[in-house]
1. Could you please let me know if Gly16 is part of a loop (DSSP other than H, G, I, E, B) and either surrounded by fewer than 11 Cβ atoms within 10 Å (Cβ to Cβ) or aliphatic (A, V, I, L, M) (or both)?
2. When Ser76 is evaluated against the numbered criteria (1) surrounded by 11 or more Cβ atoms within 10 Å (Cβ to Cβ); (2) within 46 Å of the chain's Cα centre (by Cα); (3) polar (S, T, N, Q), which criterion, by number, is the only one it fails?
3. Kindly provide the set of residues from region 34-67 that are among the polar types (S, T, N, Q) and under 30 Å from Asn8 (Cβ atoms), ordered by number.
4. If we keep just the residues of region 109-118 that are surrounded by 10 or more Cβ atoms within 10 Å (Cβ to Cβ) and of a type outside the set (Asp, Glu), which is modelled with the lowest pLDDT?
Amino acid sequence: MKGNHIINLLEERPLGSLSASELDIVKAHTAGCSNCLRAYEAAQASSWLLQERVSARVEPTAFFQAKVMAAIEEQSPKRLEFWKVWQTARPLVASMGALVLMLVALLFLTDSFQLQTGPSGLASISDDSPEQVLLDQDERDDDISSSQALTIIYAPELDAGGAYEKQP
């Protein structure tokens, strides 16, 4: 039986998965081989230890959750305070405020320029405010026909003396 050792059989599969015939072969061989007997006893001991460990129920200590939560809080980044957030966002807020001020200034400059020159860009003849023009529109008979509008748009321009300029 020297060439027919069971150590390889014990190493390949757990002791609990061996069939009854394989266990009989192992017991018969270990009666005459001391090395295989020690391997069989070690396999029995490890199998017993594994079964006991699996069946044992380990409960965490009473303060386990508190310890774990304290460790997580230590490792997590600190909450951002308002002052730190403000220090970071101040340039962005300032630039947005400056942009709003510039847009408001352009709005008022554009409105005052249109009031002085009129919507077509030419100097306004009427002294009526835009509100008067819009609100009194039904009372006025200054409506022009399409032909008059086309004449105004496509008419040759007059120079300062009242004569027509020659167009190249």
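1. Working: part of a loop (DSSP other than H, G, I, E, B): no; either surrounded by fewer than 11 Cβ atoms within 10 Å (Cβ to Cβ) or aliphatic (A, V, I, L, M) (or both): yes.
Spelling it out, it is not the case that Gly16 is part of a loop (DSSP other than H, G, I, E, B) and either surrounded by fewer than 11 Cβ atoms within 10 Å (Cβ to Cβ) or aliphatic (A, V, I, L, M) (or both).
2. (1)
3. Filtering region 34-67 for residues among the polar types (S, T, N, Q) gives 34-35, 44, 46-47, 51, 55, 61, 65.
Listed by number, the residues that qualify are Ser34, Asn35, Gln44, Ser46, Ser47, Gln51, Ser55.
4. As a first pass, look at region 109-118 and keep what is surrounded by 10 or more Cβ atoms within 10 Å (Cβ to Cβ): 109-115, 117-118.
Remaining after also requiring of a type outside the set (Asp, Glu): 109-110, 112-115, 117-118.
Values: Leu109: 83, Thr110: 80, Ser112: 69, Phe113: 65, Gln114: 63, Leu115: 55, Thr117: 56, Gly118: 51.
Restricting to residues being surrounded by 10 or more Cβ atoms within 10 Å (Cβ to Cβ) and of a type outside the set (Asp, Glu), the top hit is Gly118.
Here is a yes/no grid of residues against (1) of a type in the set (A, V, I, L, M, F, W, C); (2) at pLDDT below 80; (3) surrounded by 11 or more Cβ atoms within 10 Å (Cβ to Cβ):
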position: Asn8; (1), (2), (3): no, yes, no
position: Leu23; (1), (2), (3): yes, no, yes
position: His29; (1), (2), (3): no, no, yes
position: Ser34; (1), (2), (3): no, no, no
position: Ala42; (1), (2), (3): yes, no, yes
position: Arg53; (1), (2), (3): no, no, no
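The values are calculated or read from the model by the stated rules, or taken from the named source; none is laboratory data. What you see is a predicted model; the values in this text were computed from it and never measured. Please note: Cβ atoms are built from the backbone with ideal geometry, for glycine as well, and neighbour counts cover all protein chains shown.
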